[in-house]
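No lab work stands behind these numbers, since they all come straight from the coordinates. All values derive from a computational prediction rather than experimental measurement. Because the Cβ atoms are built from the backbone with ideal geometry, glycine has one as well, and the counts that use them run over all protein chains shown.
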């Protein structure tokens with residue numbers, strides 16, 4: 001007979017205790033009444049001493065499976081009781097006690113800093129816990145117990161872990177990097193982040209963590225393969241997207257790496273083209289003689305071990321995986337049903353929505369944002385960019401400008417750097433903003449800083465919030481259960497986890513808003529109730545058995561061109577192509593990988609021999625790039641040998657438009673854009689037969705590489721549209737100028753609405769088409785040109801695109817970490833800041849630190865730590 005301890009008996013299914021759940025339900029109900037300001041409904045009577053006793057018991061849970069759940073519930077109970085009655089000394093005492101028991105010492109510092117236990121053994125335990133959880137690289141701060149468990153596993157060769165969004169997964173990485181650098185001062189570290197927006201945030205955080213240590217230990221933070229620091233003798237911290245890191249590894253194959261941290265690793269499960277890069281990078285690094293430690297960090301998933309499968313040569317005992325559900329903050333979930341006009345609260349224990357009360361049918365989303373968000377920091381999420389702007393404008397319409405000098409300055413800078421008509425400039429003076437991935441980095445970063453500071457109180461955003469951007473919200477309003485397609489449980493939990501930050505509070509409020517159209521209560525409830533299923537790798541879910549067989553037969557025939565399936569999205573099609581490229585390179589180079597393993601059923605020695613015969617070329621070995629197929633690479637090399645080259649740059653930094661457009665048309669043929677980029681670079685107008693979008697992209701590209709400021713680019717596009725309309729009205733052209741407005745192409749009019757639509761389109765074109773798609777193709781062109789003509793010097797348009805300039809000084813400034821906007825300032829209005837030293841080196845005068853331009857000043861302060869040698873005092 002198995003023995004059961006008293007502790008095990010107490011905690012077994014305690015969360016299902018009927019009396020506890022009655023008290024807990026009353027607590028949520030009363031908190032909801034207070035939060036919504038409902039005065040016509042009587043609060044329910046709560047036996048507070050009993051509920052506090054339950055919280056105390058739950059906070060000490062030793063249950064094998066549910067201890068974290070119990071401790072979260074304990075923390076939530078005392079936090080909400082304290083929110084309902086901040087003067088009750090018993091509640092204040094239990095708040096400190098419970099936070100101590102769950103080792104949430106950071107929560108104690110903000111809500112129960114004066115707590116001292118009445119019991120001697122508890123005081124001893126607290127001191128012991130604090131010593132154990134003290135952060136080596138920040139001795140005045142403490143890990144949460146779950147963070148400490150993760151931290152202690154970083155010494156393993158391979159680790160994969162998952163945790164709630166609010167636990168601070170990347171913070172643990174940064175503290176480990178800091179400790180290693182302080183102690184050893186050697187070895188390179190790499191952090192992969194999913195977006196360029198996160199590069200800025202992580203870089204700023206690491207700079208803040210290390211400060212002068214960067215210089216003392218000879219470290220440089222590098223965010224692109226073009227960084228000047230890579231030409232010098234340093235240790236490095238690489239912060240890059242998967243695409244940038246793969247290019248770095250191809251360019252510098254001998255660059256050592258001690259640690260590879262993959263943040264937001266659940267992206268490996270996404271069925272889009274970017275997930276393929278993770279497979280390639282991990283396989284390349286894991287097969288090195290001195291392979292790095294590899295760490296995968298994911299939000300909320302139950303099976304983080306799945307990503308360890310990417311390491312194909314992992315030995316026994318080399319890996320660890322762990323999943324924690326502990327969060328230092330709780331999310332209180334409410335539903336606002338705009339169809340039924342009812343408020344609900346959600347009980348996580350019973351998984352039920354419980355009605356609070358009804359509300360005035362005339363009330364809409366923004367009424368609730370105003371009432372619930374007064375004096376708080378609010379984020380409103382929508383899946384639709386146009387809706388984000390529409391909501392932000394309507395919300396700001398009823399507000400008066402704030403007399404905040406930083407907001408006024410940012411508004412003025414937006415007008416100067418983007419356009420005088422840009423909506424964002426008007427609403428930001430009222431403490432309201434919108435946040436989208438295509439905003440210029442200088443503006444986006446300042447919005448984030450002013451939101452964290454509290455000057456901006458209300459922020460409307462799209463899925464950039466899902467990509468890992470960390471902002472301290474008190475309230476999160478979710479107006480859509482979509483993120484492109486239907487949102488799954490992982491993304492939904494990740495989104496909700498963005499509310500409530502331990503630096504400010506113990507909980508945050510999530511309001512699921514079932515709008516009259518497009519969203520429904522039932523889907524929100526389903527997402528709340530759904531358990532996050534074990535994740536699968538994209539190489540499993542994106543490839544059907546039929547597709548695998550087709551890929552193998554295609555390669556066996558000597559071809560690499562795949563036919564797009566009717567139901568495949570462009571991104572899924574691109575992902576399958578990249579997996580095909582990885583498979584081919586693995587067979588030719590005789591390497592095992594997770595991707596090759598997926599095709600094992602359709603491969604045998606005879607088939608692999610045929611593929612080798614078709615593709616192996618000892619004089620021209622395959623490189624590691626997975627962007628292009630073999631046939632595309634061969635065609636490109638043939639065209640280059642036949643005389644294809646980048647367009648010439650003329651005075652003023654521009655190419656001849658026709659020459660540039662014709663060059664892009666050549667690339668369209670080589671890279672098969674009409675097949676692989678059919679919605680963008682290869683889009684052909686059905687009526688005219690023209691590559692109409694490519695013509696537009698050529699215009700934007702030419703302006704971008706010439707260094708023209710974004711404000712001028714927008715003004716030129718408006719002028720071009722007006723000129724085309726004049727020509728149309730005169731009968732000289734058959735079509736007027738069009739603008740994409742609210743999802744449709746309509747004739748352009750020089751109205752504020754159409755100008756703002758044009759601005760959004762232009763910024764998206766720069767971010768997605770120029771800096772991502774065209775940049776990747778130009779990167780490949782430059783690489784192949786060097787292969788064909790290794791001794792030639794040439795105008796590298798990849799570099800021009802990457803830095804948005806043909807000016808060598810502007811490019812040098814950016815290669816040292818400054819933005820395009822800062823480089824433009826230092827090569828125009830601030831040109832006296834750049835000097836040439838006696839030995840011919842470029843340097844920047846320290847006067848830059850006194851500039852009135854806040855964006856550039858912030859950049860300079862950060863770069864001062866990372867590249868101190870470029871400044872002269």
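Using the rule -39500 (n - 2.57) for each DSSP H run of four or more residues, divided by the residues of the chain, the 222 nm mean residue ellipticity is -14000 deg cm²/dmol. For region 145-323, rounded, prolate or oblate, judged on the Cα gyration tensor with a ≥ b ≥ c (square roots of eigenvalues), a/c < 1.5 rounded, else prolate if a/b > b/c? Cα axes put region 145-323 in the rounded bin. Compactness of region 106-220 is given as radius of gyration and Dmax, 16.4, 51 Å, from Cα positions. Here the simple spin-label model places points 7 Å from the Cα toward Cβ, and for residue 19 and residue 563 these points are separated by 7.1 nm. So, in nm, how far is label residue 842 from label residue 526 when the simple model puts each one 7 Å beyond its Cα toward the Cβ? About 5.5 nm separates the two model spin labels.
Let a ≥ b ≥ c be the square roots of the eigenvalues of the Cα gyration tensor of region 6-135; is it rounded (a/c under 1.5), or, if not, prolate (a/b larger than b/c) or oblate? It is oblate, given that a/c is not under 1.5 and a/b is not larger than b/c.
Each part gets one Cα centre, and for region 536-588 versus region 78-117 those centres are 55 Å apart.
Measuring r between the beta carbons of residue 503 and residue 674 and using R0 = 45 Å, the FRET efficiency lands at 0.35.
With the contact rule set at Cα under 8 Å and sequence spacing of 6 or more, what percent relative contact order holds for region 206-306? In percent, rounded to a whole number, it is 23.
Note on 213, 116, 478: ascending count of other Cβ atoms within 10 Å places them as 116, 213, 478, the fewest first. Computed packing ranks the peptides 348-357, 695-704, 649-658 as 695-704, 348-357, 649-658, most packed first, by mean other Cβ atoms within 10 Å. Sorting 133-139, 149-155 by their mean Cβ neighbour count within 10 Å, with the most densely packed peptide first, gives 149-155, 133-139.
The residue 205 and residue 544 beta-carbon pair, evaluated with R₀ = 30 Å, returns a calculated FRET efficiency of approximately 0.15.
Summary of the geometry: region 165-216 and region 737-786, compared by the centres of their Cα atoms, lie 33 Å apart. Peptides 326-336, 769-779 ordered by packing proxy, namely the average of other Cβ atoms within 10 Å per residue, highest first: 326-336, 769-779. The tail of the calculated P(r) for region 661-815, taken as Cα-Cα distances beyond 28 Å, holds 27 percent of the pairs.
In degrees between 0 and 90, to the nearest 10, how far off the longest principal axis of the chain does helix 18-36 point, with axes built from Cα atoms? Taking Cα atoms only, the helix is inclined about 60 degrees. What shape does region 807-872 take by its C-alpha gyration tensor, where a ≥ b ≥ c are the square roots of the eigenvalues and a/c under 1.5 counts as rounded, a/b above b/c as prolate, and the rest as oblate? It is rounded, given that a/c, with a ≥ b ≥ c, falls under 1.5. Hey, what's the Kirkwood Rh for region 513-630 if you take every pair of different alpha carbons, in angstrom? Computed over region 513-630, the radius equals 16.5 Å.
Each of 767, 859 has some number of other Cβ atoms within 10 Å of its Cβ, and from fewest to most they run 767, 859. Label positions at residue 609 and residue 399, each projected 7 Å from the Cα along the C-beta direction, are separated by 7.2 nm.
So if R0 is 41 Å, what FRET efficiency would residue 687 and residue 384 give, r being the distance between their Cβ atoms, rounded to the nearest 0.05? So, using R0 = 41 Å, E works out to roughly 0.90. Fewest-first ordering of 415, 498 by other beta carbons within 10 Å of each residue's beta carbon gives 415, 498. For the chain, the longest principal axis of the Cα atoms and the long axis of helix 605-615 meet at an angle of about 50 degrees. Expressed to the nearest 5 percent, the antiparallel share of DSSP beta bridges inside the chain is 30 percent.
For the chain, treating each Cα as an identical point scatterer without solvent, what Debye log10 I(q)/I(0) comes out at q = 0.05, 0.07, 0.08 1/Å? So the normalised log intensities are -0.30, -0.61, -0.80.
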